[in-house]
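Participant: Pasting in a structure now, in structure tokens, and then I'll have a few things to ask.
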Amino acid sequence: WDNADFSRGVGTTFYQEFSTLNTAKPPLVRDVEAKVQQYLRSSYSAVWTLKITWEKAPVYAAWTDTRKTVTYQAVLTTDGFRSYILMLYRDGGMQWDYTRLTSTNVLIGYT
């Protein structure tokens, strides 16, 4: 996430928050719950979820090339005790040329 550069006016970032402690759950939250239950094989009921989208994000430094962009999302969710993140990339994956990044020790994803 830290190598996206929006300084040239290309791309955007937006988010949507879902607080579902005492309210009906929208389809996105139900889908996130189902994915957590499926992948971890445990019960899960979200009380808060945050969806962040980076759309057409150019690589840092944007002055080098704004043609190859990446669209991706992070969905953070918690039941108040356990927290999870789903990372979603558009089909075609990462379009940035990692050989041209200012740092060569690149990691896609999280640890």
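Participant: Looking only at the stretch 41-51, count every residue that is open to solvent by 30 Å² or more (accessible area, probe 1.4 Å) and either modelled with pLDDT of 95 or more or in contact with a strand residue (DSSP E or B) (Cβ under 9 Å, 6 or more places away or on another chain) (or both) and tell me the total.
Facilitator: 4
Participant: Applying the selection to the stretch 74-92, what residues are under 30 Å from Val47 (Cα atoms) and at pLDDT below 90?
Facilitator: Across the stretch 74-92, the qualifying residues are Met87, Leu88, Tyr89, Arg90, Asp91.
Participant: Here is a follow-up. Test each condition in (1) open to solvent by 40 Å² or more (accessible area, probe 1.4 Å); (2) at negative phi; (3) under 16 Å from the mean Cα position of the chain (by Cα) for Gln38 and report the one that comes out false.
Facilitator: (3)
The values are calculated or read from the model by the stated rules, or taken from the named source; none is laboratory data. Here the structure is a predicted model, which is why all the values come from computation and not from measurement. Here Cβ is always computed from backbone atoms with ideal geometry, including for glycine, and neighbour counts include all displayed protein chains. For the accessible areas, the whole protein counts, side chains as well, though only heavy atoms, and no ligand, DNA or RNA atoms are used. Shrake-Rupley method; radii C 1.70, N 1.55, O 1.52, S 1.80 Å.
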